[in-house]
Amino acid sequence: MASAAEQLASNLNFSTFAKAEDLKKRLWFTLAALLVYRLGTHIPLPGLNPEAYAQAFRGQSGGILGLFNMFSGGAVQRMAIFALGIMPYISASIIVQLMTSVVPALENLKKEGEQGRKIINQYTRYGTVVLGALQAYGIAAGLESGQGLVVDPGWFFRVSTVLTLLGGTMFLMWLGEQITSRGIGNGISLIIFAGIAAGLPTALAGTLELGRTGALSTFLILLVIIVAIGVIGVIVFVERAQRRLLIQYPKRQVGNRMFQGDTSHLPLKLNTSGVIPAIFASSLLLLPATLAGFANNTAMPSWATSIVAALGHGQPLYMVLYAALIAFFAFFYTAIVFNPKDTADNLKKHGGFIPGIRPGERTAEYIDYVLTRITVIGAIYLVFVCILPEILVSQTGIPLSLGGTSLLIVVSVTLDTVAQIQGHLIAQQYEGLIKKSKLRGGKRGR
């Protein structure tokens, strides 16, 4: 039997969207916020020699700088005020979430609900300031070490660069929070999505240009397009896949009336962690590589130079660590966002149970058993989707925006955004039904 929400979702149409004034305001706000972000990626950092920097970037665009440029929406290529992007915030989120699992004080805050979550978010902001300042100073020092990149090197340039880049990151963090609360949700993900999506047309045009000049064969370009389409199809299929656990509710008596027991389903997504593992894994690999990449190579010891070279994009060590981090964060983030014990307690509180499973602890163990098995499949899927196109990118030289990580983010965020819009439309219909029922009740009372 379809639930009321599913019935409402099936009845959604254009007229329903036209009447959803609150949703339209949220969409316009989201679009305006993303436009502000895109404008900021074109405002250059003061004190740079644009021609010298553009030439230096072209020499490094195929490595870690190219990957960082993809996540920043092209801001690194232009060394704009948003060149750091939102990655310091994501890195701080990783560190804080890891600490909540090992630090008892933070673990207790996590259990305090909304108030504890606000305090943890505040710690994440502090961590963003620290990481952002370190990365910004590394960028400033790296730019000064380049030949002719900075017009007037010195402490004034370093301080102004740190303040500008850190201010850009903090503004993007605030903008993402505003999109989440006043827009259609998923603010941070939408900012990353907007940066990657803006680079897709250029990446496609660049790939076709490589084919025109003979750098890539027509067969190879067709192979890349077929792989990209196949990866998109796999992403859509898996992101919508669910493992539904049957939930039964016993008969209950209200007054003199006996109500029949109901049945429902507990949906468990095949990929509960979504796009987060790919973003987390990329940001962790970007953090040390970016700082080392901007450092003066002559001042680095030989072992550090060897590690930086081994962590270059497309290198075997990079691929192995990337796959391992994706698998780790798939399990880690799933454990954070879904607690089988809390779910089992809520089912028991409302009288629900899984047929053949005793309510309480046994139900929690069964849910955890099922969740672990499907998370294995989800982790394998994430590794496959992210690694296979990355191998093609590293072997063929096609733009990074056509890689697996970028496709995963674009498709997943698009599906989540559509789901958010449908959720707002369903809420709009619920409100309409409630208003109609109140009006009918008032007329009958008269």
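The values are calculated or read from the model by the stated rules, or taken from the named source; none is laboratory data. As the structure is a prediction and not an experimental result, all values here were calculated from the model. Glycine also receives a Cβ, built like all others from the backbone with ideal geometry; neighbour counts cover every protein chain displayed. Areas reflect the complete protein model, heavy atoms only, side chains present, ligands, DNA and RNA absent. Shrake-Rupley method; radii C 1.70, N 1.55, O 1.52, S 1.80 Å.
With respect to being at pLDDT 85 or above, more than 26 Å from R240 (Cα to Cα) and assigned to a helix (DSSP H, G or I), R373 falls outside the description. Only one entry of T41, T16 meets the criterion of being modelled with pLDDT of 80 or more, touching a helix residue (DSSP H, G or I) at 6+ places or on another chain (Cβ under 6 Å) and open to solvent by less than 40 Å² (accessible area, probe 1.4 Å), and that entry is T41. Being closer than 23 Å to S91 by Cα and assigned to a helix (DSSP H, G or I) is the filter here, so list the residues in region 333-347 that pass it. Y333, T334, A335, I336, V337 - these are the residues of region 333-347 that are closer than 23 Å to S91 by Cα and assigned to a helix (DSSP H, G or I).
Among the residues of region 149-203, those identified as over 16 Å from A33 (Cα atoms) and among the polar types (S, T, N, Q) are S160, T161, T164, T202. Entry remark, region 340-357: residues being closer than 17 Å to S264 by Cα and without any contact (Cβ under 8 Å) to a residue 60 or more places away in the chain number 7 in total. Based on what the data block shows, is Q429 within 29 Å of T263 (Cβ to Cβ), modelled with pLDDT under 85, open to solvent by less than 60 Å² (accessible area, probe 1.4 Å) and in a helix (DSSP H, G or I)? Spelling it out, Q429 is indeed within 29 Å of T263 (Cβ to Cβ), modelled with pLDDT under 85, open to solvent by less than 60 Å² (accessible area, probe 1.4 Å) and in a helix (DSSP H, G or I). Here is the figure for region 96-108: residues that are surrounded by fewer than 18 Cβ atoms within 10 Å (Cβ to Cβ) and at pLDDT 80 or above total 5. Within the set T164, T124, T180, the sole residue that is over 20 Å from the mean Cα position of the chain (by Cα) and part of a helix (DSSP H, G or I) turns out to be T164. Being over 24 Å from the mean Cα position of the chain (by Cα) and without any contact (Cβ under 8 Å) to a residue 24 or more places away in the chain holds for only one residue in L216, L245, L222, and it is L222.
Here G293 clears all of (1) in a helix (DSSP H, G or I); (2) exposed (fewer than 14 other Cβ atoms within 10 Å of the Cβ); (3) modelled with pLDDT under 60 except the condition numbered (2).
Residue count for region 171-190, restricted to those that are closer than 15 Å to T41 by Cα and open to solvent by 50 Å² or more (accessible area, probe 1.4 Å): 1.
Cβ-Cβ contacts under 6 Å between residues 6 or more apart (or on different chains), taken from a first residue in region 145-170 that is at negative phi to a second residue that is among the polar types (S, T, N, Q), are listed as S145/N296; L149/N49; V151/N49. Considering (1) at pLDDT 80 or above; (2) surrounded by 21 or more Cβ atoms within 10 Å (Cβ to Cβ); (3) out of contact with any Pro (no Cβ under 7 Å at 6 or more places or on another chain), the lone condition that A335 does not fulfil carries the number (2).
Quick check, is R78 basic (K, R), open to solvent by 60 Å² or more (accessible area, probe 1.4 Å) and within 19 Å of Y37 (Cβ to Cβ)? In short, yes.
Filtering region 83-95 to residues that are assigned to a loop (DSSP other than H, G, I, E, B) and either touching a Cys at 6+ places or on another chain (Cβ under 6 Å) or open to solvent by 10 Å² or more (accessible area, probe 1.4 Å) (or both) leaves nothing. Quick one: in region 127-159, of everything that is hydroxyl-bearing (S, T, Y) and under 31 Å from the mean Cα position of the chain (by Cα), which residue is surrounded by the fewest Cβ atoms within 10 Å (Cβ to Cβ)? Residue satisfying both the conditions and the ranking: Y137.
If you go through region 338-370 and pick out every residue that is more than 16 Å from I247 (Cα to Cα), open to solvent by less than 60 Å² (accessible area, probe 1.4 Å) and at pLDDT 85 or above, you end up with 0.
Of the residues examined, Q422 is one that is under 22 Å from V337 (Cβ atoms) and at pLDDT below 85.
Just one of (1) modelled with pLDDT under 85; (2) farther than 24 Å from I94 by Cβ; (3) in a helix (DSSP H, G or I) fails for T405. It is (2). Hey, among the residues in region 191-213 that are within 29 Å of Q122 (Cβ to Cβ) and open to solvent by 10 Å² or more (accessible area, probe 1.4 Å), which one's farthest from the chain's Cα centre (by Cα)? Within region 191-213, the match that is farthest from the chain's Cα centre (by Cα) is A194.
The numbered conditions (1) at pLDDT below 80; (2) open to solvent by less than 60 Å² (accessible area, probe 1.4 Å); (3) under 23 Å from G351 (Cβ atoms) are all true for K251 except (2).
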